[in-house]
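The values are calculated or read from the model by the stated rules, or taken from the named source; none is laboratory data. None of the values given here were measured: they were computed from a predicted structure. Counting neighbours? That spans all protein chains shown, and the Cβs are built from the backbone with ideal geometry, glycine included. Note: areas computed on protein heavy atoms with side chains; ligands, DNA, RNA excluded. Shrake-Rupley method; radii C 1.70, N 1.55, O 1.52, S 1.80 Å.
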Amino acid sequence: MKGRICQIVLWFLCRGMDVLAQGDDRVRDEIHRLPEGYTIRLKAGMGKKDPQIGMILMDGRVQQVNLDDGADLTIVFKNVHIAFKVFTGQIGISEAYARRGFYMKGNINKAMGVVRCMEYVELYLFPKFMSGRILKRVEKKQMPALMVYKKAVFDRRVEV
Amino acid sequence: MIPAYYEFQNTVKICSGERALENITYELRERNVSRPMVLSDSVLEEIGTVKTVLQAMKEIEPGCVFCDIPSDSSFKVVMKIKALYMQYHCDSIVAIGGGSVIDTAKGVCMAIGTDAEDLPAIMGADCLKEWKRIPYIAVPTTSGTGSEATAVAVISDTDHNVKAEFISRHLLPDVAMLDVRALQSMPMRITASTGMDALCHAIEAYTCLQKNPMSDAYAVSAIKLIGNYLKRAVKDGNNQEARLAMANASLMAGTAFSNSMVGGVHAIGHALGGICHLAHGDAMNILLPYVMAYNLDVCEETYGELLLYLRGADIYASIPKKERGKELIRSVRSMSAWLNKISHLPMTLAETGKVEREQLQAVAEAAVNDGAIIVNPKAMSVEDVRHILERAYGA
């Protein structure tokens with residue numbers, strides 16, 4: 001069950017980043033600072049069948065892509081339980097890192113931009129009482145959270 | 001408070017005190033090796049520290065002695081040394097020097113163990129798998145980065161003007177040798193600068209998000225020693241007790257932050273090092289009180305706790321509880337001011353002569369991309385860092 005929920009949230013994370021890359025100038029700026037074609041792989045556990053998602057940054061968009069290995073940035077949660085805590089808003093990414101809950105392969109300097117994008121997605125996806133608990137600073141939203149959800153689900157996705 | 005989950009590792013064997021260097025032979029033989037590559041820098045070779053260590057290594061014939069490591073280690077240097085290591089059929093490493101030499105040696109161990117030709121390709125945090133271990137003895141000559149006890153290596157990517165970070169338990173040396181003969185050549189200013197670096201490590205380790213009871217124990221022990229011995233070591237470089245105490249403090253502070261990370265001071269300091277080539281210890285000394293002031297509203301209680309260790313029980317008891325956090329910041333500033341007076345250690349970025357005001361924006365943008373910022377207890381945006389830098393600029 002935790003695995004299925006993580007897979008759903010990973011999907012929302014990818015779609016949320018794409019929506020915000022167009023609708024929130026802070027996320028747009030972060031995406032533009034990363035190289036064209038930059039690939040990101042997120043995995044919720046060490047098992048072969050554990051939930052994962054691949055993303056590629058192209059033309060200012062965040063697109064889902066199949067990535068088995070060799071991404072520019074790979075973040076792997078050490079087990080599905082810690083991933084579940086992050087993806088259900090129980091703890092933030094900073095806290096997960098503090099608990100050594102994931103390992104990261106890739107340039108740490110570039111990874112920080114991705115982490116900030118993920119935090120912006122959490123800002124929109126979670127209600128304020130949750131984001132206040134997991135984020136060090138709750139920034140102002142630039143669009144309604146419901147619109148982010150709607151666009152994530154219904155807007156046309158760019159397939160790679 | 002016990003964290004919900006934490007990890008702690010310190011597998012470095014510590015040999016501290018009289019004739020520690022003479023035990024290098026034992027430590028190498030006990031690990032079944034006999035042909036070390038000795039790494040150091042040209043300054044330590046010139047002043048005789050390398051010779052002192054080599055003489056202490058009785059009946060050990062180094063495979064190669066390389067003393068050309070620059071003050072800012074780089075990927076290019078690491079790969080050059082790797083080639084020499086292979087060429088001369090070495091089987092271990094003895095690194096004599098400060099953070100740059102020790103981190104370079106870590107990079108060499110990593111490059112050889114993983115057989116990586118492209119080190120940037122294996123950058124990351126906790127992502128490296130175990131490799132065939134190369135016995136590695138670190139002989140620190142500064143007190144200091146504590147790199148002899150950390151699972152972190154910072155190596156310059158000179159092509160992109162950034163400092164690349166590698167975090168892995170496999171980077172920990174096997175042995176750290178603390179011997180005053182390797183330490184007492186440190187000039188006054190470097191003693192001051194590296195001492196403040198150690199203090200910064202300890203304070204950040206105690207206050208960052210990854211803090212845990214084990215790292216706290218090392219951090220407070222380090223702060224206590226620094227509070228008692230830094231000034232003595234700066235005033236009199238021949239004071240062997242003070243030198244050894246500071247070496248122990250530096251190692252303990254390194255152990256602390258290796259297991260609880262550092263925060264905003266280091267994130268900004270790394271950026272200043274990468275862009276302005278400002279010496280790390282100088283940056284730590286300048287930035288520490290300003291970042292502490294920035295973090296004060298979330299760290300007031302923990303700063304207050306640390307006052308006991310830095311200033312002693314009498315001072316601690318005389319300050320009201322709600323003032324202790326601010327008093328710690330005042331104590332740090334006061335220590336900086338004393339070091340400035342006696343050793344000309346700069347207290348502002350302008351004083352260093354290496355930082356232009358026009359560079360501050362680039363430094364701020366680089367700082368927020370440093371991994372250390374993720375565990376700073378308070379959020380730090382580019383604007384926040386810029387504000388800190390402006391205050392620290394001081395001109």
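For the reader, a short list of remarks on this structure follows.
- Given charges at Cβ of Lys, Arg, Asp, Glu: the protein assembly as shown dipole, positive-most of B:184, B:36, B:359: B:359
- Only one residue of A:114, A:55, A:127 has its Cα farthest out toward the positive end of the dipole of the stretch A:2-151, where Lys and Arg carry +1 and Asp and Glu -1 on Cβ, and that residue is A:127.
- Per-residue [θ]222 nm for chain A (sum of -39500 (n - 2.57) over DSSP H runs n ≥ 4, rounded to 500): -15500 deg cm²/dmol
- Using alpha-carbon coordinates, inclination of helix B:280-311 to the longest axis of chain B, degrees: 60
- If you take all other residues with their beta carbon under 15 Å from the beta carbon of residue B:2, and give Lys and Arg +1 and Asp and Glu -1, the sum is -1.
- In the stretch A:61-160, GluC sites (Glu not before Pro) in a DSSP loop with at most 10 other beta-carbon atoms within 10 Å: A:159
- Exposed loop sites here mean trypsin sites (Lys or Arg not before Pro) with a DSSP loop assignment and at most 11 other beta-carbon atoms within 10 Å; chain A contains its longest site-free run at A:50-139.
- Of all beta bridges that DSSP places with both ends in the protein assembly as shown, some 45 percent have antiparallel geometry.
- Solvent-accessible area per residue, Å², over the stretch A:1-123 with all protein chains present [probe radius 1.4 Å]: 39
- For chain B, built as a Gaussian network whose Cα springs stay under 10 Å, the top-fluctuating residue of B:124, B:99, B:17: B:124
- Distance from the Cα centroid of the stretch B:223-290 to that of the stretch B:77-105 is 24 Å (rounded to whole angstrom).
- Of B:196, B:79, B:292, the one that fluctuates the most in a GNM where chain B has Cα springs shorter than 10 Å: B:79
- Theoretical FRET efficiency, 1/(1+(r/R0)^6), r = Cβ-Cβ of residue B:390 and residue B:277, R0 22 Å, to 0.05: 0.60
- Where both bridge residues fall in chain B, DSSP classifies roughly 20% of the beta bridges as antiparallel.
- Rg/Rh ratio calculated on Cα atoms of the stretch A:1-131 (Kirkwood radius): 0.93
- Here is the list for the stretch B:106-200: chymotrypsin sites (Phe, Trp or Tyr not before Pro) lying in DSSP coil, each with at most 16 other C-beta atoms within 10 angstrom of its C-beta, are B:131.
- At 0.890 mPa s and 25 °C, Stokes diffusion of chain B via Kirkwood alpha-carbon radius, µm² per second: 117
- Tilt relative to chain B, helix B:240-260 - C-alpha long axis, 0 to 90 degrees, to 10: 80
- Loss of accessible area when B meets A, both sides summed, Å² nearest 100, probe 1.4 Å: 2500
- Exceedance of the 23 Å cut-off in Cα-Cα distance is limited, within the set A:43/A:85; A:78/A:110; B:106/B:235, to B:106/B:235.
- Angle in degrees between helix B:382-393 and the longest Cα principal axis of chain B, rounded to the nearest 10: 90
- Length-normalised contact order for the stretch A:2-151 - Cα pairs under 8 Å, 6+ apart - percent: 25
- Straightening the chain between residue B:313 and residue B:217 buys 32.8 nm, computed as 0.36 nm per residue apart minus the Cα-Cα spacing.
- Applying the Kirkwood pairwise sum to the alpha-carbon positions of the protein assembly as shown produces a hydrodynamic radius of 24.2 angstrom.
- Longest stretch of chain B clear of exposed loop sites (trypsin sites (Lys or Arg not before Pro), DSSP loop, at most 11 other Cβ atoms within 10 Å, sites excluded): B:133-395.
- Overall form of the stretch B:175-278 per C-alpha gyration tensor (a/c, 1.5; a/b vs b/c): oblate
- Within the stretch A:2-151: Cβ-based charge dipole about Cα centre, in debye rounded to nearest 20 (Lys, Arg +1; Asp, Glu -1): 600
- The helix-based estimate of mean residue ellipticity at 222 nm for chain B, built from -39,500 (n - 2.57) per DSSP H run of four or more residues and divided by its residue count, is -17000 deg cm²/dmol to the nearest 500.
- Antiparallel DSSP beta bridges within the stretch A:2-151, as percent of all bridges there, nearest 5: 70
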